[in-house]
Structure formats: C-alpha cells, structure tokens
Amino acid sequence: MKAQAVLAFFFPLIPCLCGPQDASFSHVSMNEQIVTGRLGEDVILPCSFESGPNVVIHWKNQDTNVYSYYKDSDQLEKQDPNYVNRISLFHGEIHNGNASLSFRRLTLQDEGIYVCYVGTSLGKITKKVVLKVGAFVTPVMKYEKNTTNSFLICNVLSVFPYPIITWKVDNNTSISENNGKEVGSLGPFHINSRVNITGSNSSYQCEIENPLLKQTWTGRWTRKGSCLFQAKGTLCPTFIPQGKH
C-alpha cells in the first residue's frame, strides 16, 4: 500500500515536466550556452524547441523556481521572489518553438546556471544557459597633490569582476601602483589606483581591462615643459589627459 501511495503522488508531475511522450519522436538534449549581460541592463536567455501541442516550460536556477508555463498560461505561484516582475517569456512566439526568457534589470545575484525544460506531445528538451553579469562604468584619470608628492589616480566607480590594472611610463615600462583602494568586497567594486609622479618620467598610461565584458579603457597623461602645480585637487595645466575605450 505504501508503494502505491508514492506512485500516486509522483505520477501527476510527469506530464507537467515532459508532456505526453512517444518514443519515436522524443528528443532530449543538454546544450550549454554562455550569455553575458551588464549590471542593471536587460538580457535574453535563449531556449528553442520543436513546436508541438501541450507545451510545458520550466526555467530553473539550480533548485530555484524561476519561471513556469503550462496549460497555455503562466504558472508563477512558486516563483522565487527575486525574479518577480523582472522576467517573462515571449508568449507570442511559444507556438513557434521559442521558450527564451527575457531578463530585466540584471543584478550580480542573477549570475548562475539556468536550465530550460520544455515538454510537448512530441517529446522533451533540456538546455543549459550560463549567465554571467559584468559591470564597467567609464573610468576617469585625475591629478592630485599633497605637501610632499604629486600623483595620478585611475578611478572606477563600478566594475565587476575585478579588473586588470596596468600602469606604464615612458617607453611602455611597466610600474607598480603605489597605493590601491577598493570598496565592495563582493562587488561591484569601486577602485582607486594611484602612482607617484616623478621628475624623470614625462608620460604615464593607466590601462583598465574587464576581461568578462572584453572592454579596455586607457588613460594617458603627458608632461609638456615645466609644471607649476596649483592647489591640491586641481588639474596641472601642463598635463594632457587622454582617455579612450
């Protein structure tokens, strides 16, 4: 009797995940695709399938319920609160085999491995999408001076993951930063990287690379003639800043 009770409990779940199945049409796959999005922006997690009747769609992030659709309508009673009002299907395209998920206002917590399960009367498919989230606000390069030293600072208000920072002086000679500061232990990071200005060097270059977003910013400063430093925090007029992506 106990075995019968267990079977009676689990059997109704099978059609919801897979739909009616005919062995001659069934197709199961686990394709993996990497999607990179930007913090605060929108992204689409792709998932396509062979169109058929009785469509059932489930999106999950590990054990978290992200989105469910069956009986021709959304079924969001068990949706995780982190995804409420931020994700949706392309309902007008489901009959064409499109189960892609539209993601709005990405956060770093959205990173993860998402699995798309689709079942129809013709069979089922399973696809994996790895979502990575990056951030890179355009850096700035500035000059500052205290009572004893003058230095340059490369400042990034928001970047993720932690970037690669390279300083160079005349003839592309690499140098180490004198003092680096970061805010945000888990990200996104706010970074200040600085080097001292010495009299023997006439040009400085700061390069900040975000390998995830495949984006690099370069700032250059060139000394022309003698420099009479003004009050702290002002830009020395004999330095020419050049920043580019």
request  = State whether segment 127-223 is rounded, prolate or oblate according to the following rule on the C-alpha gyration tensor (a ≥ b ≥ c being the square roots of its eigenvalues): a/c under 1.5 gives rounded; otherwise a/b larger than b/c gives prolate, and the remaining case gives oblate.
outcome  = prolate
ask   = So what's the projected area for segment 16-134, the Cα convex hull averaged over all directions, in nm²?
value = 6.7
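Which whole-number percentage describes the relative contact order of segment 105-226, with Cα contacts under 8 Å and a sequence gap of 6 or more? Walk me through the numbers on the way to the answer.
On the way: 237 pairs, mean separation 25.9, N = 122.
The normalised contact order for segment 105-226 reaches 21 percent.
Given 0.36 nm per residue, what is the gain on full extension from residue 63 to residue 170 after removing their alpha carbon distance, in nm?
On the way: separation 107, 0.36 × 107 = 38.52 nm, distance 5.40 nm.
So the extension gain works out to 33.1 nm.
None of the figures in this text is laboratory data; all of them are computed from the coordinates on show. Quantities reported herein were computed from a predicted structural model and do not represent experimental measurements.
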